[in-house]
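Below: the structure, in structure tokens.
We did not get these values from a lab; they are worked out from the coordinates using the rules stated. Computed from a prediction, not measured in an experiment: that's the story for all the values here. We place every Cβ from the backbone using ideal geometry, glycine too, and count neighbours over all the protein chains shown.
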Amino acid sequence: MQHGKYRFIVGFLTVPLGLYAIFVVWPFIQSIYYSFTDWTGLSPDFKMVGFDNYKKMFHDDIFWKSLQHSLLFALLLPLVTISLALFFSFMINVGGRRRKGGPAISGVRGSSFYKIVYFFPQVLSIAIVALLFQFAYNPDSGAINSLLHGIGLGSIQPLWLGDPNLALWCVMAVLVWSTVGFFVVLFSAGMASIPADLYEAALLDGAGRATTFFRITLPLLWDTVQSGWVYMGILALGAESFAVVQIMTMGPGGPDYSTTVMVLYVYQTAFRDGQAAYATTIGVALLVVTLLFAAIVMRLGRRERLEF
Amino acid sequence: MGSTSGEHNKNTTFGGVGRRDLIKRSAALGLLSVPTMSFLSACASSGGDDGGDKAKAGKKTAKNPLGVNDTAQMEFVLFDGGFGKEYAQDAVKLYEKDFPKAKVKFSSTQKIGTVLQPRFNQGNPPDLIDNSGAEQMDMGVLVGKKQLADLTPLLDAPSYDDPNKKVRDTLRPGIVEMGQFDGDPVWIMYYAYTVYGVFYSQKALDSLDEKYPETWDEMLKVCAKAKKKGMAGWTYAGKYPYYIPFSLYPMIGKVGGRDVLDAIDNLEPNAWKHPAVKACFEAYYELYQKGYILKGTPGLDHIQSQTAWAKGKALFIPNGNWVENESANVIPADFNLAVSAPSGLDSSDKLPFGTIWASGGEPFVVPAKAKNPEGGMEQLRIMLSEASSKNFTAKVKSLTALNGGTTGVDLTPGLKSGVAALEKAGSNVLNPRLQDWYVKLQKEQIGVSAIGEMMAGRLTPAEAIKKIQGFADAAAADTSIKHYKHK
């Protein structure tokens, strides 16, 4: 009997859905509404201006630049971070050499130490990480250039964040460094739940590390990887990228707009330029990009789930 | 009674949507909400009354020329930045002494925008605000949206110390004009007074056996001499290149006259194409070409560049007189900090050497919808008294808008040199307005993506000027920006 099933579900869902509607859905609707006004964010009076903000946005070079950088972040960062994290966690959990008397499947020597090391950046707040790297990138006396100098490469002293060709990559490197540890731990947990007999069977069949990874680990970990992918993409489009760009880069967003991202542009437009309505317009564009990103990842990643 | 758990595990269709799918989808939706713009709506406008419960004005007397209601509450929100909050708290005590029956609600924050933006939107702002810091609310928008009160009554009131002198007549040059946007009303009272220019160590200059160069040829000579000793001529806040104008703009004014800067501020067509602009840009570019700029400077932020400069790696730095406080912990005791007006080109310059940029800082405003605007203005009148001004100078090593008010105060080397520079300048004080009229244009467009690029050697002066003129023309044509003109 399915009698009363929906009432039962509705009873449980009312409160969370209500909260969700008030604190998430309603602000979305409001933001979309404000994007059709000329609200400054500093006074309660504003009027409707139709599509003016959208017209302005489509002719705004800086918007396109920030969109381009945000898309680059959303594509590259998950790819690099998750590949690295998969590699590290595979080596930590599965990739070790067979040792006498040990379990058939184990990580490389010292793997528990590596696990802590990788997770360490996760303990630091992103603002602190950004500040630390800002010092490291200091071309005058920073750690990186001092190191280059120390190993006899004194002639190579890049400007790092001061160079428009390098700045964006510097920022991305920091994001990878600070997030990879989280995914190592996430994937390690996933790998720990894969039964050891599958690996043993593969070993008996003569599978090497690469084959084991691509034929056993990755397929069984697919759900985790997919969620990780969406999560990382959203970090790259949202708060984390804002924090590092705002704290580390020149201007911020420079040099010459080479590191500006959509969230930073929303922030600057709303809170520096006093054009909250235009900022919400860019926010709507960001919403569209994020939705598209999630939809594409979900669609591409759809696979038959394996039970084990 | 078919809904046992066992059945559900096998039966994946649950009301049309697989249960797993449902969970997955809702998780995805939840994640989506993370980066998007809901934070903006947090400051959603909710109309608000027009301050119908304003305090009734009190009686105007000689001791109370603004007619403050002596029982009404006065609320004062201060930006708690480099100057701290002690000086304001001291002034609040004086207010409470003058109006013992009034309650003062004093608070300080570093997040002026976060704290006050919602209150402006609701129509119940405090009575006096120090609208400063990284979250400063855009003055142009506040004025344009009629959110600020005209401070003319304060300026025309007798000063706190001398009843025969109006407040207006006790202020330093430029303070009143800076508070105006267009027309006569004065919206902002800048309390601190900043001297901009070229900062250096007198000791380092002495060790080169040189004095501060007055022309550009001399400047290049000093830099060459410094280079021989392994010291760079200049450094600057590479990541915030809008520090360079602190010495570059007054140089343009000195070479081409005040009108050139006014035309630039007015966003007049081809204002940047003036020969004086080109000559000064080329002069600065020469510093880069001859290798007189500290290596790595374009990647340094303001603190890092000031530290390198304080360590003696570079001789000159364009800055404001807050540098003495900000870098106090790295400036050696025998540094002998000094500031000079910028060097000019040669003897054909329109204005004499000594022409300097000085202007107000720490903008105080009284909101139009404040409940007790007279109270806010009275608090400012108290702060502009000689005693409060001296207290400020002694505590935070900065000058105030009050002309004079330094006698008897033990001045630091940098401040002493700043006072001397102001005396030498006399009436040749310039006050370029781009940085408060068009923040984005000045900082992000002119500063970062033109001057910064030029000083890093990635643009020639001609390219930089062309780019800036383009930005300025775009700003002039943008109807969503409020435009201002020098009178």
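What to note about this one:
- Looking at the protein assembly as shown alone, DSSP beta bridges between its own residues are antiparallel in about 65 percent of cases.
- For the range B:96-190, the calculated P(r), taken from all Cα-Cα distances in 10 Å bins from zero up to the bin holding the longest distance, is 13, 38, 36, 13, 0 percent.
- Percentage, to the nearest whole number, of Cα pairs in the protein assembly as shown over 40 Å apart: 46 percent
- Residues of type lysines that B:LYS103 reaches as a straight line, Cα spacing below 23 Å, ignoring anything fewer than 8 places off in the same chain: B:LYS54, B:LYS56, B:LYS59, B:LYS60, B:LYS63, B:LYS85, B:LYS93, B:LYS369, B:LYS371
- Averaged over the residues of A:225-231, the number of partner chain Cβ atoms lying within 10 Å of the residue Cβ comes to 2.
- Peptides B:409-418, A:149-158, B:438-447, A:30-39 ranked from most to least packed give B:438-447, A:30-39, B:409-418, A:149-158, packing being the mean of other C-beta atoms within 10 angstrom over each peptide's residues.
- Averaged over the residues of A:243-254, the number of partner chain Cβ atoms lying within 10 Å of the residue Cβ comes to 4.
- Net charge, B:GLN304 excluded, C-beta distance under 9 Å - Lys, Arg +1, Asp, Glu -1: -1
- In terms of other Cβ atoms within 10 Å, A:TYR278, B:TYR285 run from fewest to most in the order B:TYR285, A:TYR278.
- Sorted by Cβ neighbour density within 10 Å, fewest at the top, the residues A:MET172, B:MET231, A:MET248: B:MET231, A:MET172, A:MET248
- Normalised contact order of chain B, rounded percent, pairs of Cα under 8 Å and 6 or more residues apart: 22 percent
- Anisotropy class of chain B from Cα gyration tensor, a/c 1.5 cut: oblate
- By the Cα gyration tensor, the range A:159-246 has an equivalent ellipsoid whose semi-axes, rounded to whole angstrom, run 36, 15, 9 from largest to smallest.
- Cα-based shape type of the range B:132-279, given that a ≥ b ≥ c are square roots of the gyration tensor eigenvalues and the cut on a/c is 1.5: prolate
- The range A:154-308 - Kirkwood radius from inverse mean 1/r over Cα pairs (Å): 18.6 Å
- Given B:LYS254/B:LYS482; B:LYS313/B:LYS416; B:LYS350/B:LYS416; B:LYS211/B:LYS273, the pairs whose alpha carbons are separated by over 31 Å: B:LYS211/B:LYS273
- Shape call, the range A:56-300: gyration tensor on alpha carbons, a/c limit 1.5: oblate
- When both the range A:107-179 and the range A:49-67 are represented by their alpha-carbon centers, they are found 35 Å apart.
- Among B:LEU66, B:THR307, B:PRO173 the positive-end extreme of the charge dipole of chain B (Cβ point charges): B:THR307
- Length-normalised contact order for the range A:56-300 - Cα pairs under 8 Å, 6+ apart - percent: 28 percent
- Counted charge near B:TYR200, where neighbours are those whose Cβ lies closer than 13 Å (Asp, Glu -1; Lys, Arg +1): 0
- Membrane-span-like helices of chain A, defined as complete DSSP H segments with a Cα extent of 30 Å or more along the helix axis and a mean Kyte hydropathy of at least 0.0, are identified as A:61-93, A:167-192, A:276-300.
- Computed from point charges on the beta carbon alone (+1 for Lys and Arg, -1 for Asp and Glu), the dipole magnitude for the protein assembly as shown about its Cα centre is near 2160 Debye.
- Euclidean distance of C-alpha centroids, the range B:86-119 and the range B:222-260, integer Å: 39 Å
- Among the residues of B:479-487, the average count of other protein chain beta-carbon atoms within 10 Å of the residue beta-carbon is 2.
- For B:LYS395, the aspartates and glutamates whose Cα falls under 18 Å of its own Cα, not counting residues fewer than eight places away in the same chain, are B:ASP80, B:GLU86, B:ASP90, B:ASP130, B:GLU324, B:GLU326, B:GLU362, B:GLU386, B:ASP410.
- Separation between Cα centres of the range A:209-282 and the range B:434-487, rounded to whole Å: 29 Å
- Its alpha carbons give the range A:38-140 an Rg and a Dmax of 24.0, 77 Å.
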